[in-house]
Amino acid sequence: MPQHKGAVRRVRLSEKRRIANKGQKVELRKLIKGFDVTASTSAEDLTKLQSKLDKLASKGLVHKNFAANKKGQLARAFNTAKTA
């Protein structure tokens, strides 16, 4: 247990931030799993997902390389489904 007033505050804030960050990551996973390239032919869904990845990468919740890799994978799958 923390002994100092500042340490108590840090514990409280870090727990609050952990919960908020977890919610953001869960939302991202739901968006990725919900993005079905065969059913979803609208580019708006892809744009929304790419925007979410960029936001989380800029905040440091996911690594920038993970975001870039995932964006490329989704765009490639979307384009092949659209042409096929």
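The values are calculated or read from the model by the stated rules, or taken from the named source; none is laboratory data. Bear in mind that the values here come from a model prediction, so they are computed numbers and not experimental data. Cβ coordinates were reconstructed from backbone atoms using ideal geometry, including for glycine residues, and neighbour counts include every protein chain displayed.
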**OP:** Provide a single number: the residues in the stretch 47-61 that are loosely packed, with under 11 Cβ neighbours inside 10 Å and among the charged types (D, E, K, R).
**Re:** 1
**OP:** Would you check which residues across the stretch 1-46 are more than 16 Å from residue 81 (Cα to Cα), surrounded by 11 or more Cβ atoms within 10 Å (Cβ to Cβ) and polar (S, T, N, Q) and list them?
**Re:** 21, 24
**OP:** Inspect the stretch 52-63 for any residue being more than 11 Å from the chain's Cα centre (by Cα) and part of a helix (DSSP H, G or I) and give the result as yes or no.
**Re:** no
Original post:
Between a first residue in the stretch 62-84 that is surrounded by 11 or more Cβ atoms within 10 Å (Cβ to Cβ) and at pLDDT 90 or above and a second residue that is part of a helix (DSSP H, G or I) and β-branched (Val, Ile, Thr), which pairs have beta carbons less than 8 Å apart while being 6 or more apart in sequence or on different chains?
Top reply: 70/32; 74/32
Original post:
residue 44: at pLDDT below 95 and not hydroxyl-bearing (Ser, Thr, Tyr), yes or no?
Top reply: yes
